[in-house]
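Here the structure is laid out as structure tokens; the discussion comes afterwards.
The values are calculated or read from the model by the stated rules, or taken from the named source; none is laboratory data. None of the values given here were measured: they were computed from a predicted structure. Glycine also receives a Cβ, built like all others from the backbone with ideal geometry; neighbour counts cover every protein chain displayed. Heavy atoms of the whole protein, side chains included, go into the accessibility calculation; ligands, DNA and RNA do not. Shrake-Rupley method; radii C 1.70, N 1.55, O 1.52, S 1.80 Å.
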Amino acid sequence: MTTHRPPNPGRHGGYAPQRAGHPTALRDVRPWGGDRADILLADGVIAGIVEPAERGTWAETDLDGAGLLALPSIVNAHAHVDKSWWGLPWQSYGGEGGTDGRIRHERARRDELGIPGVDITTRVLTEMVTHGTTLFRSHVDVDPGLGQRGIEIVREAVASFDGAIEMEIVAFPQDGVLRRPGVLDLLDDAAAHGAEHIGGLDPASIDRDPVGQLDGLFAIMERRGCGLDIHLHDPGELGAFQLDLICDRTEALGLAGRVNIAHGFALAQVDAGRRAELLARMGELRITFTTVAPLRLPQLPWRELDAAGVGFAFGTDGIRDLWSPYGTGDTLGIAWQFARASSVVTDEDLTRVLRAATSEAGVYAGRPDHDIAVGAAAHLFLTDAENPMDALVRTPPRQVVIGAGRVLHDARVADRD
């Protein structure tokens, strides 16, 4: 069978980076929309931010920023890069709805599509890079059928970028934790071999034993020193009850700062008083959230999260996979969706949402200092926008993407070719 790429696989065609140089400076750019400046680079790090030099003094290894807006690279804090069929022929939606139905459908078809696979995962990552993302946190399925193979595949795909992109991995029990014998052992083994986090999935509605699932997961955290990044779709008070259980264990075991809630729809569905109690506890325990800004559900109450000191970040979830044909790989588009659905309109608030997709999300990928600042790793992108607010509202193409000081994508080169 001939393998066809999807229409418009990348905004500027192809999957390989159009340029792979290591510039010594990004000349004539506007960091965060401020005055024009030169960003000096050395060994993958921002070595200086200085006034623009005369063009005649530029080195051949410098990159002309042409006055473009410079922003820290986008962070995809909730991805499933192992699941996509990106680059394969169109796969029609099939199977049953609901979480269990999608799990069964994925298990039935993933092998015939070569999922997970190094080539597919590399294509997905490259597509995300063209949208300005160089830092990731990805859930990767771990189950009795796959063992640790998915994690090995994702690591190989990431390694093909030679350090220019960075990823933290969540060993993810997509099919449940307790209802599939051996999954806890697989999660423990993944953490023992370097997975930065383990995952969980709806302890009440999937395993029907929230206490048992959480006790098992927190025992691994305590033993292995890893984090927990748990999917929690359960709504309303059922979800809030599980948030309480998570807080209880985080506090009792002294694991503050090591737990993230993915989705957490319940937080936006309980009444204001109950939510305030939950947020107060989570702020004290430095529990964070990630969201994919789903259109059919209330958005995370970000002002209340900010007031309680509860961090949040954005992710794409899966893109073009056996769960849904949707997704472009553009996390900035998810931030736009969140801002629009949350009626974010002021300059200050628009910038706050943009920072949640860029500088403030670096911690989700092991880069707490992620920003355009001297000493920070050189992860950034250039785009033709007036200011940060314009970049969020208009989501213009990412013209240049830099990962650890390396040019991974330069649309201007592609346009000339």
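For segment 61-69, the Karplus equation 6.51 cos²θ - 1.76 cosθ + 1.60, evaluated at θ = phi - 60°, returns couplings of 8, 7, 10, 7, x, 6, x, 5, 5 Hz by residue, with Gly and Pro reported as x.
Rounded to the nearest Hz, the phi-derived 3J(HN,Hα) couplings of segment 271-276 under the Karplus curve 6.51 cos²θ - 1.76 cosθ + 1.60 (θ = phi - 60°) are 6, 4, x, 5, 5, 4, where x marks glycine and proline. Normalised by the number of residues in segment 306-417, what is the relative contact order in percent for Cα pairs under 8 Å and 6+ residues apart? Relative contact order, segment 306-417: 17 percent.
Remark on A42: its backbone amide H falls under 5 Å from those of A47, a criterion applied only to residues 5 or more positions apart or on other chains, H modelled at 1.01 Å from N. Helix 183-192 and the longest principal axis of the Cα set of the chain meet at an angle near 40°. Report summary: the helix-based calculation at 222 nm, which adds -39500 (n - 2.57) for every DSSP H run with n ≥ 4 and divides by the residues of the chain, gives -9500 deg cm²/dmol.
Share of carbon and sulfur in the accessible area of the chain stands at 50%, probe radius 1.4 Å. For T290, what residues show an amide H to amide H distance below 5 Å, using hydrogens built from the backbone and excluding near sequence neighbours? Placed amide hydrogens put I261, A262, H263, A313 under 5 Å from T290.
Name the residue, out of G333, G283, G95, whose mean-square fluctuation peaks in a Gaussian network model built on the chain with Cα pairs under 10 Å. Result for the chain, Cα springs under 10 Å: G95 fluctuates most. For segment 383-397, backbone phi angles converted through the Karplus equation (6.51, -1.76, 1.60; θ = phi - 60°) give residue-by-residue couplings of 8, 8, 9, 5, 7, x, 4, 4, 4, 6, 5, 9, 6, x, x Hz, Gly and Pro being listed as x. Here the peptides 110-122, 50-62, 218-230 are ranked by packing, the mean other Cβ count within 10 Å, and the order with the highest first is 218-230, 110-122, 50-62. Label separation (R36 vs V413): 2.4 nm, computed from points 7 Å beyond Cα along the C-beta direction. Our compactness index for segment 18-72, the C-alpha radius of gyration over the empirical 2.2 N^0.38 Å, is 1.05.
Kirkwood radius and radius of gyration were both taken over the C-alpha atoms of the chain, and their ratio Rg/Rh is 0.97.
For the chain, the solvent-accessible area works out to 39 Å² per residue, with a probe of 1.4 Å and every protein chain left in place. Local charge sum around L41 (other residues, Cβ-Cβ under 12 Å, Lys/Arg +1, Asp/Glu -1)? So the surrounding residues net to -1.
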